[in-house]
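The values are calculated or read from the model by the stated rules, or taken from the named source; none is laboratory data. Everything numeric here is computed off the predicted structure, so don't read it as measured data. A quick note on method: Cβ atoms are made from the backbone with ideal geometry, for glycine too, and the neighbour counts reach across all protein chains shown. Heavy atoms of the whole protein, side chains included, go into the accessibility calculation; ligands, DNA and RNA do not. Shrake-Rupley method; radii C 1.70, N 1.55, O 1.52, S 1.80 Å.
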Amino acid sequence: MPANARVTLCYGPYESSGVIQHRTFRLQGLQAALRASGHLCVLEETREWNIVELVVSGEVVFTCNIKDLEFGGDGKLDPVCREAVAAVESAY
């Protein structure tokens with residue numbers, strides 16, 4: 001995959017402090033890791049609870065539970081972020 005791939009981050013709502021809504025705090029590290037690799041990130045809300053899907057060229061290349069991502073940060077120490085970046089890099 002070229003270094004400047006357009007990656008759509010489809011994310012659903014999750015429960016925090018008794019409130020269910022779409023939040024991007026847990027996506028910050030993932031976005032930072034993808035941008036550091038030269039990719040363009042586009043956020044898209046979905047209705048599926050607790051899910052994050054990375055879509056490249058119309059294909060889902062990575063899926064995880066949004067609660068598996070570390071809160072905030074730059075994504076460098078998050079193993080899920082490293083796995084996601086590797087999945088995007090190996091997409092075709």
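The table below gives the values:
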read-out	value
Condition met for residue 45 (among the charged types (D, E, K, R) and farther than 20 Å from residue 91 by Cα)	yes
Flag if residue 82 is open to solvent by less than 80 Å² (accessible area, probe 1.4 Å) and among the basic types (Lys, Arg)	no
Residue 31 being surrounded by 14 or more Cβ atoms within 10 Å (Cβ to Cβ) and of a type outside the set (A, V, I, L, M, F, W, C)	yes
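For every residue, the table says whether it meets (1) touching a Ser or Thr at 6+ places or on another chain (Cβ under 8 Å); (2) surrounded by fewer than 19 Cβ atoms within 10 Å (Cβ to Cβ); (3) touching a residue at least 12 places away in the same chain (Cβ under 8 Å); (4) more than 16 Å from residue 24 (Cα to Cα).
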| residue | (1), (2), (3), (4) |
| --- | --- |
| 39 | no, no, yes, yes |
| 43 | yes, yes, yes, no |
| 59 | no, yes, yes, yes |
| 64 | no, yes, yes, no |
| 67 | no, yes, yes, no |
| 71 | no, yes, yes, no |
| 76 | no, yes, yes, yes |
| 86 | no, yes, no, yes |
